[in-house]
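Let me begin by presenting the structure, written as structure tokens, before commenting on it.
The values are calculated or read from the model by the stated rules, or taken from the named source; none is laboratory data. Predicted, not measured: the structure shown is a model, and the values here were computed from it. All Cβ positions, even for glycine, are placed from backbone atoms using ideal geometry, and neighbour counts span all protein chains on display.
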Amino acid sequence: MNDIVRSGDRIDRDALERIIQRAAELQTKDREIGEYLTEAELMQLGDDVGISASHLRKALQEERGRALVKGSTSRLGWLIGPRRITAQRTVAGRPEALTAALHKWLSEGELLQIKRRLPDRTSWERKEGTFASLQRSLGFSGKKYLLARTREVGDRIMEVDERECYVELTADISNTFNEYLLGSGMLLAGCVAAAGIALVLGVMVPVAIVPALLGPAGSVAIARSRHSHVDKLRVALEQVLDRLEHGELEPKRRPSKSTASAVGRIADEIRKNLGGINR
């Protein structure tokens, strides 16, 4: 009976969460809500139970983001990983300023170019051209340009209130999904073929079937190795949001002599790197 909360007692955090959750359940039952709610009904329900409208909108946008890129629960998804990954966050700032900063970074910091401008989002693809290819291959300052290895990157910025916006980055990585799947399948087929050829040539059965026995394990290892690549790309998306959240993507005013040729910029980068080596 000591767990009973009496008037004047202090309520710890665990008890508070249980009380609020139960109160919300009772309020929901009283309103006789069906299986689905409109956004307006959700806002009204939140107002009834005393939940801030701005907090409710943040939670709603985050839930929409999770539903949009829900991970695969299939065996193939477990084996080789998802086709899409996402990162989302609520960031302080106005939509126009955040969009300008984010787009500048994706273009110049990640070497992407706009693919399509849609009503609710912008999609990006790998930037082509000699200078962009040279930057990626040389990897100045140790940058790996991981997002340029995806099939497509999409950004979506939605205003939550007058102070904050919901920002979502989604990367289509189905290109690596197909590559790893093909590599895994080719290894398995090669091992089975090798075992068949060995049997035709008269090799002893215990020896001949070794490739066929090792093939599945090697095939699974190749497929599962993609997960480390997916994790790196997920971190790359989160790092972009980190920079945006901390104001490190703000567009800077370019100097008047910013029209230098690509060759000149490459030479400057080489001189910087050589200078660091000589030290």
Show the residue pairs that are 6+ apart or on different chains and have beta-carbon atoms under 8 Å apart, the first residue being within segment 75-93 and of a type in the set (Ser, Thr, Tyr), the second being modelled with pLDDT of 85 or more and part of a strand (DSSP E or B). Thr86/Glu168; Thr86/Leu169; Thr86/Thr170; Thr86/Ala171; Thr90/Glu164; Thr90/Cys165; Thr90/Tyr166; Thr90/Val167
With the condition kept exactly as written, say whether any residue in segment 202-217 is surrounded by fewer than 14 Cβ atoms within 10 Å (Cβ to Cβ), within 30 Å of the chain's Cα centre (by Cα) and modelled with pLDDT of 90 or more. yes
Where a residue in segment 127-138 is in contact (Cβ under 8 Å) with a residue 12 or more places away in the chain and its partner, wherever it lies, is assigned to a helix (DSSP H, G or I) and exposed (fewer than 14 other Cβ atoms within 10 Å of the Cβ), with Cβ under 6 Å and at least six apart: Phe131/Ala262
Selection from segment 76-121 of residues that are assigned to a loop (DSSP other than H, G, I, E, B), surrounded by fewer than 17 Cβ atoms within 10 Å (Cβ to Cβ) and among the charged types (D, E, K, R): Arg94, Asp120, Arg121
